[in-house]
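S.K.: Handing you this structure, nothing more for now.
The values are calculated or read from the model by the stated rules, or taken from the named source; none is laboratory data. Note that the structure is a prediction, hence the values are computed from the model and not measured. Every residue, glycine among them, receives a Cβ derived from its backbone with ideal geometry; neighbour counts consider all protein chains shown.
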């Protein structure tokens, strides 16, 4: 019998609890022994819950889990940085294996936590920390173990993908689509971690660490959110054969890991372009396997709980059979992160300019002098004193593009640089 | 050190050999010990090969592998039924674990092989038998272990998907597209197992066995190939908002497993509709995880070898750490297979009829009497004595549809039933 201590009984926690109940016989036959929830840490024992639960399991004292010698496995579903970090660290110190869905902790403290686990001869599992129910951590560590992973593209945040889908399909403005996402439970009341790209950055950092067996300093990941995306950008993207997605990108290069999160134009016929609504997907390239895409629900009670329970089963097997997680240390190297200024991309620029003769020539002169060459120009004549100009550049180092943008200030006819979006041909 | 005997050095065998060479340090660190190829069974030692290989490894005598006490792990890449079956059985009997890419053997003899492995305390691994480089066997057994899998839809044959893609995108006739597939190495010189759907049937049988933990008698799987698909069907599908794919379908029902392979109309906006060329994909639904799709290259030297080597790593770890494959018996049940006559579907029918008044009324009368109701009718008037009529039915039990088709023989105006294709809304 494997005894489990659960930290947290929120959305995912109740999902885990009910899967363990519903599938208990099946899980027992898969592990070779039964699973039993011994204690559940909650904030308020008296709170009304939407599942039937034996009240004696609940506790408000974390020691009842962490210091309980009966408990083999601690499942952390509180989320956030503190106190979750201290709880996990203490569980490992006390010789308990840990399953967690906490992307922030793994992205920020993965090396410390894994080192502690190794010292104590236990394991830490975190399949649910990235892309909910989609199997990706285990495939990266096992199914693609015969590969050098060269690049990963992810749609890793369901909230922003839902918002961009509504903007694209229905022409809704961002703030309307966000309210809709909140109403449907796809977005938190404070959606800033989603909208800003931070949530996706934790996830691509975790995937990169596993894929390249490297430390990734989350502080060095370039992050842009979807705040500035307007319907006009989406419409122009469509005209040019692209859709706009919040893309998490990671490429292994000789100059370090090119890792970043930002909105991107992607070709409309690419499989990632068909990832709609709150779905997530990871599209990766390995030297043997070629291109692979894994697609599914990246969040939600049961998809996330499905991944947590898969980890519980794995942990249970390893505890029962006495063989610890044998995937080894994923933080062997420190390949470093490429500075965004050194990354080459093609860029979409949308400017507002005064409709005067010669303005395009002035813009072209600045770009040309900074080694930025243009792939296309869209200039729509409207009966307005101020008109939009859209430029798409060829591949160019980001620093040259930024230098040009800085120089645009000297062109009096440029009223505003409305948006700059990278174009990923994938 | 884990010592490996390789059976076969064809396309996939050379791929496996070169991955093991190229990634040897990396694999060693993942397993905890090195891998060494001890012997390779080939048909002709003298044959010229496109890889550099130590000639002393090669043998034409299978005993050098199967009876070699040094060898821990046998990797079978010969394919086909015999002698591969005898070889694998003997390897297991001799206490060696086995990795195989042989879908036919697993689909036909899975229960016997797994029983023998269990008796001898060894394991048999077959990730590469379904969908090449796409991880699906291990995810089904592990990542989705907390789920009741309810249905699986697969595009599991790259050859037919390539042909249908060419027909759809370029309007090529089937035989032209097949020749092109052969030229590009996507199709064998004898493509009958692909075209007929048999290859996909082996694969969906394997996936169903794992998903539902049941014996599947491959003889009972309903199989139709793409032989009869014409450009006209593809064009009408497009007009109606569908694309035609060779679909492998498996649904768990209270009346048994509804498992079949046949061409199907699928909605153009479904993720499976965007699986083009020789790519494969598996789209499944689990009660916790919801919908998941796994997409990638289903064949080819390196994608398949990637899956074989992933299995070798797993087997290597389990041999080295002394823990056998602990996934347990996947053939616990015998849920039986639903007879196709009892399956409900919506159908597309394309008929050739004499352009006379009243013909549609006669057809409608036969259908109505047999409980088949129509969702749509397309009748294109051309200046010909014989014209096409396209009918799409509502959901109806297959036996009623077939009874109607049989009765169409009594309608003198029906010149031919050109095609009957099931419509899957997915």
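S.K.: Residue under question is residue B:368, and the condition is that it be assigned to a helix (DSSP H, G or I) and closer than 30 Å to residue B:403 by Cβ; does it hold?
M.R.: Numbers: assigned to a helix (DSSP H, G or I): yes; closer than 30 Å to residue B:403 by Cβ: yes.
So residue B:368 passes the test.
S.K.: Next question. For the stretch A:186-250, which helices (runs of 4 or more DSSP H) that fit wholly inside it have 2 or more residues that are in contact with a helix residue (DSSP H, G or I) (Cβ under 6 Å, 6 or more places away or on another chain) and buried (at least 23 other Cβ atoms within 10 Å of the Cβ)? Walk me through how you get there before you give the answer.
M.R.: On the way: elements: A:192-195, A:198-212, A:231-239.
Those helices (runs of 4 or more DSSP H) span A:198-212.
S.K.: Would you check if there is a residue in the stretch A:222-238 being more than 28 Å from residue A:351 (Cβ to Cβ), in contact with a strand residue (DSSP E or B) (Cβ under 8 Å, 6 or more places away or on another chain) and touching a residue at least 24 places away in the same chain (Cβ under 8 Å)? Spell out the reasoning first.
M.R.: Here is the first cut: in the stretch A:222-238, the ones more than 28 Å from residue A:351 (Cβ to Cβ) are none.
Checked against the condition, which is being more than 28 Å from residue A:351 (Cβ to Cβ), in contact with a strand residue (DSSP E or B) (Cβ under 8 Å, 6 or more places away or on another chain) and touching a residue at least 24 places away in the same chain (Cβ under 8 Å), the stretch A:222-238 yields no hits at all.
Residue-by-condition table, conditions (1) surrounded by fewer than 21 Cβ atoms within 10 Å (Cβ to Cβ); (2) more than 14 Å from residue B:309 (Cα to Cα); (3) within 14 Å of chain A (Cβ to nearest Cβ):
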site	(1), (2), (3)
B:4	no, no, yes
B:15	no, no, yes
B:20	no, no, yes
B:32	yes, yes, yes
B:41	no, yes, no
B:50	yes, yes, no
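Condition check ((1) within 8 Å of chain B (Cβ to nearest Cβ); (2) surrounded by fewer than 22 Cβ atoms within 10 Å (Cβ to Cβ); (3) under 15 Å from the mean Cα position of the chain (by Cα)) across all residues:
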position: A:131; (1), (2), (3): no, no, yes
position: A:134; (1), (2), (3): yes, no, yes
position: A:137; (1), (2), (3): no, no, yes
position: A:141; (1), (2), (3): no, yes, no
position: A:148; (1), (2), (3): yes, yes, no
position: A:154; (1), (2), (3): no, no, yes
position: A:158; (1), (2), (3): no, no, yes
position: A:162; (1), (2), (3): no, no, yes
position: A:166; (1), (2), (3): no, yes, no
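S.K.: Working only within the stretch A:298-315, note down all residues that are under 19 Å from residue A:10 (Cα atoms) and either modelled with pLDDT under 95 or more than 7 Å from chain B (Cβ to nearest Cβ) (or both). Can you show your working first?
M.R.: Of the stretch A:298-315, the ones under 19 Å from residue A:10 (Cα atoms) are A:298-312.
Within the stretch A:298-315, A:298, A:299, A:300, A:301, A:304, A:307, A:308, A:311, A:312 meet the criteria.
S.K.: Still on this structure, I have one more. Which of the residues that make up the stretch B:94-127 are more than 19 Å from the chain's Cα centre (by Cα) and outside any loop (DSSP other than H, G, I, E, B)?
M.R.: B:97, B:98, B:112, B:113, B:114, B:115, B:116, B:117, B:118, B:119, B:120, B:124
S.K.: Would you be able to tell me the number of residues in the stretch B:281-317 that are within 25 Å of residue B:146 (Cβ to Cβ) and either touching a helix residue (DSSP H, G or I) at 6+ places or on another chain (Cβ under 9 Å) or in the same structural domain as residue B:187 (by TED's automatic domain parsing) (or both)?
M.R.: Within the stretch B:281-317, the first condition is being within 25 Å of residue B:146 (Cβ to Cβ), and the residues that meet it are B:281-296, B:307, B:310-311, B:313-315, B:317.
Imposing the further condition that a residue be either touching a helix residue (DSSP H, G or I) at 6+ places or on another chain (Cβ under 9 Å) or in the same structural domain as residue B:187 (by TED's automatic domain parsing) (or both) reduces the set to B:281-296, B:307, B:310-311, B:313-314, B:317.
Result for the stretch B:281-317: 22.
S.K.: Filter the stretch A:251-270 down to the residues that are in contact with a strand residue (DSSP E or B) (Cβ under 9 Å, 6 or more places away or on another chain) and either modelled with pLDDT under 95 or part of a loop (DSSP other than H, G, I, E, B) (or both), then identify the one that is surrounded by the fewest Cβ atoms within 10 Å (Cβ to Cβ).
M.R.: Checked the stretch A:251-270; the qualifying residue surrounded by the fewest Cβ atoms within 10 Å (Cβ to Cβ) is A:268.
S.K.: Is the stretch B:383-403 home to any residue that is without any contact (Cβ under 8 Å) to a residue 24 or more places away in the chain and farther than 30 Å from residue B:209 by Cα?
M.R.: Taking the stretch B:383-403 as the starting set, the residues that turn out to be without any contact (Cβ under 8 Å) to a residue 24 or more places away in the chain are B:383.
If we keep only those that are farther than 30 Å from residue B:209 by Cα as well, we get B:383.
Checked against the condition, which is being without any contact (Cβ under 8 Å) to a residue 24 or more places away in the chain and farther than 30 Å from residue B:209 by Cα, the stretch B:383-403 yields at least one hit.
S.K.: Then there's this: Report yes if residue A:172 is free of Cβ contacts under 8 Å to residues at least 60 places away in the same chain and either in a loop (DSSP other than H, G, I, E, B) or under 16 Å from residue A:246 (Cβ atoms) (or both), otherwise no. Before you say what the answer is, go through the steps one by one.
M.R.: Working: free of Cβ contacts under 8 Å to residues at least 60 places away in the same chain: yes; either in a loop (DSSP other than H, G, I, E, B) or under 16 Å from residue A:246 (Cβ atoms) (or both): yes.
Yes, satisfied.
S.K.: If you go through the stretch B:329-350, how many residues are crowded, with 16+ Cβ neighbours inside 10 Å and not in a strand (DSSP E or B)?
M.R.: Counting residues in the stretch B:329-350 that are crowded, with 16+ Cβ neighbours inside 10 Å and not in a strand (DSSP E or B) gives 6.
S.K.: Next question, about the same structure. From the list B:286, B:336, which one is closer than 30 Å to residue A:284 by Cα, under 22 Å from the mean Cα position of the chain (by Cα) and modelled with pLDDT of 95 or more? Break it down into steps so the answer makes sense when it comes.
M.R.: Numbers: B:336 fails: closer than 30 Å to residue A:284 by Cα.
Matching residue, one of B:286, B:336: B:286.
S.K.: Here is a follow-up. Being out of contact with any strand residue (DSSP E or B) (no Cβ under 9 Å at 6 or more places or on another chain) and facing chain A (nearest Cβ under 10 Å) is the filter; apply it to the stretch B:275-297 and report the residue that is nearest to residue B:161 (Cα to Cα). Even if it seems obvious, please write down each step before you answer.
M.R.: Within the stretch B:275-297, the subset out of contact with any strand residue (DSSP E or B) (no Cβ under 9 Å at 6 or more places or on another chain) is B:276-277, B:288.
Applying the additional criterion that residues be facing chain A (nearest Cβ under 10 Å) yields B:276, B:288.
Working: B:276: 7, B:288: 30 Å.
Within the stretch B:275-297, the match that is nearest to residue B:161 (Cα to Cα) is B:276.
S.K.: Additional query: Which residues, counting only those in the stretch B:33-64, are touching a residue at least 12 places away in the same chain (Cβ under 8 Å) and not in a loop (DSSP other than H, G, I, E, B)?
M.R.: Answer for the stretch B:33-64, where residues must be touching a residue at least 12 places away in the same chain (Cβ under 8 Å) and not in a loop (DSSP other than H, G, I, E, B): B:35, B:36, B:37, B:38, B:39, B:40, B:41, B:57, B:58, B:59, B:64.
S.K.: Give just the number: which of (1) within 14 Å of chain B (Cβ to nearest Cβ); (2) touching a helix residue (DSSP H, G or I) at 6+ places or on another chain (Cβ under 7 Å) does residue A:332 not satisfy?
M.R.: (2)
S.K.: Quick one: count up the residues across the stretch B:105-129 that are surrounded by fewer than 24 Cβ atoms within 10 Å (Cβ to Cβ) and either at the interface with chain A (Cβ under 8 Å from one of its Cβ atoms) or within 19 Å of residue A:311 (Cβ to Cβ) (or both).
M.R.: Residues meeting the conditions: 0.
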